[in-house]
Amino acid sequence: MTTTPIDLFASALLFHPDGDVRAAERRMASSDAGAWQIATFHVETDADVHADHWEMHPEADEAVCCLAGGARIYFRPTGPSESSESSEAVQLPAGAAVIVPRGRWHRLELDSPSDLMSITLRHGTRLERRTDTH
């Protein structure tokens with residue numbers, strides 16, 4: 001078996017239930033059923049983190065990690081009485097991570113250009129365009 005370095009800013013790692021690990025194209029929406037995706041991104045602007053969309057992973061929690069730079073993760077209100085202005089925000093400085101609960105809608109905004117990593121089971125992931133004007 002030959003091993004070669006994998007550029008984590010160009011590819012994702014997919015961890016399959018049978019123990020197989022493969023490099024693959026990074027995807028924001030669904031990927032291989034049952035495969036956990038670890039993806040690393042260098043992002044410069046809010047457009048790079050699809051700040052205009054909410055995202056939700058129905059089958060697993062997600063770890064969102066800030067490796068360098070700084071970002072904020074917003075959680076969409078869960079109750080009908082909560083307005084978009086009441087979105088909960090968590091600050092992510094370099095070296096910090098947050099666990100996004102399974103099924104919780106969330107989105108990112110940047111404080112500065114950043115290197116981010118996400119770890120989740122992307123199968124069933126949903127994206128929804130924001131309608132608020134936060």
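The values are calculated or read from the model by the stated rules, or taken from the named source; none is laboratory data. Everything numeric here is computed off the predicted structure, so don't read it as measured data. Glycine also receives a Cβ, built like all others from the backbone with ideal geometry; neighbour counts cover every protein chain displayed. These area figures cover heavy atoms from the full protein model, side chains too; ligands, DNA and RNA do not enter into them. Shrake-Rupley method; radii C 1.70, N 1.55, O 1.52, S 1.80 Å.
Within segment 98-113, being within 15 Å of residue 132 (Cβ to Cβ) and among the charged types (D, E, K, R) holds for 107, 109.
Selection of segment 32-48 for residues being in a loop (DSSP other than H, G, I, E, B) and either at negative phi or crowded, with 16+ Cβ neighbours inside 10 Å (or both) yields 32, 33, 35, 44, 45.
Hey, does segment 49-65 have a residue that's modelled with pLDDT of 95 or more, open to solvent by 50 Å² or more (accessible area, probe 1.4 Å) and more than 15 Å from the chain's Cα centre (by Cα)? No, segment 49-65 contains no residue that is modelled with pLDDT of 95 or more, open to solvent by 50 Å² or more (accessible area, probe 1.4 Å) and more than 15 Å from the chain's Cα centre (by Cα). Would you confirm, using the coordinates I've provided, whether residue 89 is touching a Gly at 6+ places or on another chain (Cβ under 8 Å), of a type in the set (Gly, Ala, Ser) and either open to solvent by 40 Å² or more (accessible area, probe 1.4 Å) or modelled with pLDDT of 95 or more (or both)? Criteria not met by residue 89. The numbered conditions (1) in contact with a Leu (Cβ under 9 Å, 6 or more places away or on another chain); (2) charged (D, E, K, R); (3) over 29 Å from residue 3 (Cβ atoms); (4) modelled with pLDDT under 95 are all true for residue 32 except (3).
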